[in-house]
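> Below: one structure in structure tokens.
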Amino acid sequence: MTINIILLGPPGAGKGTQAKRLVDERGLVQLSTGDMLRAARSSGTEMGKRVAEVMDRGELVTDEIVIGLIREQLEKGGKGFIFDGFPRTLAQADALGALLAETGNSLDAVIELRVDDEALVGRIVKRAEQSAAAGEPVRRDDTPEVFSDRLREYYKKTAPLIGYYYAKGDLRSVDGMAAMDEVASQIASILDHS
Ligand code: AMP
């Protein structure tokens with residue numbers, strides 16, 4: 001049985017961490033538009049160059065670009081997808097609905113990771129420190145200054161998706177402040193009952 005889910009929540013809520021667990025445990029395919037855009041940037045494609053500055057300012061890149069990236073991946077097919085960091089605007093949400101319908105897929109659940117804003121800045125600083133200690137590249141947008149712009153973009157453009165999916169009856173919420181394993185088990189129980 002295939003299953004398609006969206007992980008929704010502000011930057012630093014733990015979407016990427018939970019997505020990776022679902023990849024390992026259930027063989028789902030993680031579609032992170034943030035990862036795709038960073039890959040485009042580091043490989044120096046035209047699109048990567050165009051979006052780099054926007055990303056560094058903590059703003060959203062155009063709907064057209066991210067919808068194009070997702071379309072390419074959906075057309076390849078897969079056992080089921082975890083959308084991580086997509087959709088981030090109402091236009092993206094509508095486009096995803098249409099793309100899923102076109103490719104014969106449906107959306108099984110939208111899982112909102114609820115977190116406190118205060119705690120998020122601390123998580124981002126920690127993520128940057130851990131990457132640096134591990135000798136991995138530190139994300140340029142993981143600074144407290146850019147982070148507050150990313151959070152503002154989230155409230156302005158992405159938070160309305162909570163109401164959008166609630167109205168469709170697709171929204172499920174988990175406590176994103178709980179320990180990582182606890183969050184994973186709350187997600188697992190949603191997936192096993194949807
Ligand atoms: P993320 O790794 O999900 O935090 O994304 C990093 C950055 O990539 C964001 O701050 C945006 O600039 C850009 N980005 C990622 N996903 C999207 C999206 N769905 N729509 C617009 N911009 C995005």
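The values are calculated or read from the model by the stated rules, or taken from the named source; none is laboratory data. In this text the structure is predicted, and so the values were computed from the model without any measurement. All Cβ positions, glycine included, derive from the backbone under ideal geometry; neighbour counts span all protein chains shown. To get the accessible areas, we keep the full protein, side chains included, count just its heavy atoms, and leave off ligands, DNA and RNA. Shrake-Rupley method; radii C 1.70, N 1.55, O 1.52, S 1.80 Å.
> If the cut-off is a Cα-Cα distance under 24 Å, which lysines reach LYS126, setting aside same-chain residues fewer than 8 apart in sequence?
LYS15, LYS20
> Rounded to a whole number, what % of the accessible area of the range 118-194 do carbon and sulfur atoms account for, probe 1.4 Å?
Roughly 54 percent of what the probe reaches on the range 118-194 is carbon or sulfur.
> Per residue, how much accessible surface does the range 4-93 expose to a 1.4 Å probe? Answer in Å², no decimals.
That works out to 43 Å² per residue.
> Now, a different point. Packing-wise, with mean Cβ within 10 Å as the measure, how do 74-83, 98-107, 31-40 rank, highest first?
My ranking of the peptides, most packed first, is 31-40, 74-83, 98-107.
> State in Å² the accessible area per residue of the range 140-194; use a 1.4 Å probe, count heavy atoms of protein chains only, and round to the nearest integer.
Accessible surface, normalised per residue, equals 56 Å².
> Per residue of the chain, what 222 nm ellipticity follows from adding -39500 (n - 2.57) for every DSSP H run with n ≥ 4, rounded to the nearest 500?
Estimated from H runs of four or more residues: -17500 deg cm²/dmol.
> Say the dipole of the chain comes from +1 at the beta carbon of Lys and Arg and -1 at that of Asp and Glu; which of SER43, LEU120, TYR155 then lies farthest toward its positive end?
Value: SER43.
> Taking Cα centroids, how far is the range 129-144 from the range 15-39 in Å?
Going from one Cα centre to the other spans 19 Å.
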